[in-house]
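The values are calculated or read from the model by the stated rules, or taken from the named source; none is laboratory data. Keep in mind that what you see is a predicted model, and the values were worked out from it rather than measured. Glycine also receives a Cβ, built like all others from the backbone with ideal geometry; neighbour counts cover every protein chain displayed. Ligands, DNA and RNA are stripped out before the accessible areas are found, and what is left, the full protein with its side chains, is counted by its heavy atoms. Shrake-Rupley method; radii C 1.70, N 1.55, O 1.52, S 1.80 Å.
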There are 2 protein chains.
Amino acid sequence: MISKDMAKQIEGSSAIRAMFEEGAEMIARYGKENVYDFSLGNPNVPAPAAINEAVKEVVDSEDPLVLHGYMLNAGYEDVRQTIADHVNKLHGTAFKPNNIVMTVGAAGGINVFLRTIIDPGDQVIAFAPYFGEYNGYTSNVKAELVVVPPDTDTFQPNIEEMNSLITPKTKAVIINTPNNPTGVVYSAETLKKLASALEAKQKEFGTDIYIIADEPYRELVYDGVEVPYVTKFYDNTIVGYSYSKSLSLPGERIGYLVIPDEAADSEKIIEAAGVATRILGFVNAPSLMQKAVAKCVDEEVDVAAYDKNRTALYEGLTEMGFECIKPQGAFYLFVKSPFEDEKKFCDLAKKYHIIVVPGSAFACPGYVRMAYCVSYETIVNSLPEFKKLMEEIKSMK
Amino acid sequence: MISKDMAKQIEGSSAIRAMFEEGAEMIARYGKENVYDFSLGNPNVPAPAAINEAVKEVVDSEDPLVLHGYMLNAGYEDVRQTIADHVNKLHGTAFKPNNIVMTVGAAGGINVFLRTIIDPGDQVIAFAPYFGEYNGYTSNVKAELVVVPPDTDTFQPNIEEMNSLITPKTKAVIINTPNNPTGVVYSAETLKKLASALEAKQKEFGTDIYIIADEPYRELVYDGVEVPYVTKFYDNTIVGYSYSKSLSLPGERIGYLVIPDEAADSEKIIEAAGVATRILGFVNAPSLMQKAVAKCVDEEVDVAAYDKNRTALYEGLTEMGFECIKPQGAFYLFVKSPFEDEKKFCDLAKKYHIIVVPGSAFACPGYVRMAYCVSYETIVNSLPEFKKLMEEIKSMK
């Protein structure tokens, strides 16, 4: 009795979960210290202590009717003011509270925006490899997800290929930088090329094409790399931000949309977002957590811990002969599978108690994703096992 | 550039909001004490103090990686165990944690369940008058909302009319008891009749038809009335519960679905609900608040305060000649409009600074909804104004 589309979603979403479940079974059988589970992007660096302090402060100081009550669907005005100020300070933008809509994570925000602009049959473009959940988000609104094939040399978006896929039905292009699963950061040059390509297509078709900038990993970057702010390159940009990774609060479901005045029909979209958040059942972002993050906009998680993991795993694996682009952000390594069929690699890795996710879950077969948001010990202890795995692979060739 | 359907949703959802905005304008002009705003169902009784204590306790005692992290999409196992035990104790049921899926309020839960079972073009039945948001929830999944006309004598569901509207495409019937906007509680007798009618239709068409029991007002009842637990009457019942009203936490977005083992395909539905909650962007119910409500399942808000309002408003209005069924639950009065066109009544009421919502927003024209979750003073001070209003109406006839 479940719907046809939901049956398809369950089928399609099984890859990461299947790996996670196999990992859980292995842990039960062999013990946590003997399993190297790189399947899930669940932060292992705790939220800054300031978050819990902020939580306690707001419950002690705010009127419970306000703190736990309904507010405007877009969120508390003072919270949106604080966030607008913070974004403006960091990026030299000029957003007002009105441009900020608090959401149930970035996932909630993207769903709200898609609900706002998509009619069934409209098209949304994503660049492979992409976060597999976009399949679900677009299926929710009966949009067609059009996939641009990967550029596996750089994992930057393939803009020429994108151009050939845009039609009058293209309503949005989702980008995700720093990227899950590659860790790549889109450069200013890339964003300029993307913007001018989209501007030309908007002109050609007389349409508006929005960039949805999915940015949960914005704050997780290494080697001093800069993540350009997309609204500065292209007017029709909607930003989906989340505190899931930047403050290690994935379970709290707190994030926001930025809907700039420069975006086409921004006033109508802001109004519609308020209705969409309500009818989708979110209604508003969790109220206590809105107030808590507003007190913590200057806080950071311990990015150095992720960096240490990144370096150890990247250097360890490449020394053994694995091929991988060096990630500049997020907490994933996207490693070329030594076999053409990466599922064969995933299966063989399990023999060494190593759990990785096949790239086909990200529309990029031939690769595997490793989430290095694990303990440093897990990384160090996994390396000898990876070495044995590589030796077995070499002996097979 | 907003979608065609969203334009329709904005149009349709404007009635309550329009009244609320007019109320806000009036308050700005005349002062809060001179405006009688009965437009919104926002609790005015604060959350029990135990909630804030529980919040502080969990942030002080739980590992932040667990407390703020991802868990199973369905929610923390211990929280679901606590809630299952609590429901079983109250209602003599036998639910296990597996039957409970934590959700972002009841609205989130209903959206998750609809996403799970609905294919475009399927039908969902609601009994007028019904909570207008059901229009949005069903439009999200491209279902057709089929409305059973009201029985304005009793405001109990019109089961004969429902029977004539069920087709092989009917996937669900939404009921809401205690009811928004009437305050009516469905009796055990009514539920028995409803269940046997649906069982007959299931047999006739060889389909499964789920009851969605939308129960945010379950705990707000008066005069010792009992609210029968729907799963005990009909196997294919899914309950959507929320702490928004029972603990005055509407902004926190915390509730749950009950998916009983007895429901058809319950295992698949439970699995699909976990996927639906993820792809809709909720991912999981806010984690800190899951833990906090689990510590407060035995807490209650001050229902006596609502009861005092109910009695004062109901008695005051009926003495003046207004016609209204006496509500047994929730915090709404559904009053017959002295004019056939209830919008005319809403407009005239504004002259006396009284804000009420037209019944057409609930698919029941000729009536108005008054939300009495306001201060007792507002009720008392509004009565002389209602009296003047009634006198003007009488003089017009």
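One equal scatterer on each Cα of segment A:149-205, no solvent, Debye formula: the resulting log10 I(q)/I(0) at q = 0.20, 0.21 Å⁻¹ is -0.78, -0.85. With the charge dipole of segment A:31-104 set up from +1 on Lys and Arg Cβ and -1 on Asp and Glu Cβ about the Cα centre, the Cα lying farthest toward the positive end among the listed residues A:91, A:68, A:79 is that of A:91. Note down the Stokes-Einstein diffusion coefficient of the protein assembly as shown in µm²/s, whole number, using a Kirkwood radius over alpha carbon pairs, 25 °C, and 0.890 mPa s. Result for D is 89 µm²/s.
Within segment B:200-278, the proportion of Cα pairs with more than 18 Å between them is 53 percent. Here segment A:48-169 is assigned +1 on the Cβ of each Lys and Arg and -1 on the Cβ of each Asp and Glu. Its dipole about the Cα centre then comes out at about 260 debye. Pairs exceeding a 31 Å alpha-carbon distance, out of B:4/B:171; A:344/B:96; B:193/B:350; A:8/A:268: A:344/B:96; B:193/B:350; A:8/A:268.
Angle of helix A:77-91 to the longest C-alpha principal axis of chain A, folded into 0 to 90 degrees and rounded to 10: 60°. With the cut-off at 12 Å, report for segment B:319-377 the share of all Cα pairs above it, as a whole percent. That fraction is 67 percent.
The accessible-area loss of segment A:1-48 on complex formation, taken against its chain alone with a 1.4 Å probe, reaches 50 Å² or more at A:1, A:2, A:3, A:6, A:10. FRET efficiency for the residue A:24 to residue A:347 pair, using the beta carbon distance and R₀ = 22 Å, is estimated at 0.80.
Apolar share of the accessible surface for segment B:188-288: 44 percent from carbon plus sulfur atoms, 1.4 Å probe.
Rg/Rh, computed from the Cα trace of segment B:35-78 with Rh as the Kirkwood radius, has the value 1.21. Principal axis extents of the C-alpha atoms in segment A:273-359 (largest first, rounded to whole Å): 50, 32, 23.
Helix A:376-396 and the longest principal axis of the Cα set of chain A meet at an angle near 50°. Once the convex hull of all Cα atoms in segment A:220-348 is built, its volume per residue stands at 188 Å³. Rounded to the nearest 20 debye, the dipole magnitude of segment B:201-261 is 80 debye, with +1 charges on Lys and Arg beta carbons, -1 on Asp and Glu beta carbons, and the Cα centre as origin. Along the axis of the charge dipole computed for the protein assembly as shown (Cβ charges of +1 for Lys and Arg, -1 for Asp and Glu, origin at the Cα centre), the listed residues A:380, A:154, A:329 are led at the positive end by A:154. Pairs of alpha carbons in segment B:154-297 separated by more than 23 Å make up 42% of all such pairs. In the full protein context, segment B:292-397 carries 42 Å² of accessible surface per residue, based on a 1.4 Å probe and ignoring ligands, DNA and RNA. Between residue A:340 and residue B:271, the C-beta separation translates, for a Förster distance of 51 Å, into a calculated FRET efficiency of about 0.95. A dipole drawn for segment B:1-119 from +1 and -1 charges on Cβ atoms has a positive end, and of B:45, B:59, B:103 the residue lying farthest that way is B:103.
Largest first and in whole Å, what are the equivalent-ellipsoid semi-axes of chain B based on the Cα gyration tensor, each being the root of 5 times an eigenvalue? Please report the intermediate quantities before stating the final value.
Working: eigenvalues 236, 137, 78 Å².
Taking √(5λ) for each eigenvalue gives 34, 26, 20 Å, largest first.
Within the protein assembly as shown, what percent of beta bridges assigned by DSSP are antiparallel, to the nearest 5? Counting only bridges with both partners in the protein assembly as shown, antiparallel ones make up about 45 percent.
When B and A come together, around 6200 square angstrom of accessible surface is lost from both chains combined, probe 1.4 Å. Basic side chains Lys and Arg get +1 at the Cβ, acidic Asp and Glu get -1 at the Cβ, and with that the dipole of chain A about its Cα centre reaches some 760 debye. Straight-line cross-link partners of residue B:192 among the lysines, defined as a Cα under 16 Å from its Cα and at least 8 positions apart when in the same chain: B:201, B:232.
For helix B:105-117, what angle does its Cα long axis make with the longest principal axis of chain B, in degrees from 0 to 90 and rounded to 10? On a 0 to 90 degree scale, this one is about 60. Derived from the Cα gyration tensor, the three semi-axes of the equivalent ellipsoid of segment A:75-201 are 26, 19, 14 Å, largest first. Taking 0.36 nm per residue of sequence separation and removing the Cα-Cα distance, the residue A:89/residue A:261 pair yields an extension gain of 60.2 nm.
Computed from Cα atoms alone, the Kirkwood hydrodynamic radius reported for segment A:303-346 is 11.3 Å. Per-residue ellipticity at 222 nm, computed for the protein assembly as shown from helices alone with -39500 (n - 2.57) per DSSP H run of at least four residues, works out to -14000 deg cm²/dmol. Along its first, second and third principal axes, ordered by size, segment A:33-133 spans 49, 46, 31 Å in Cα coordinates.
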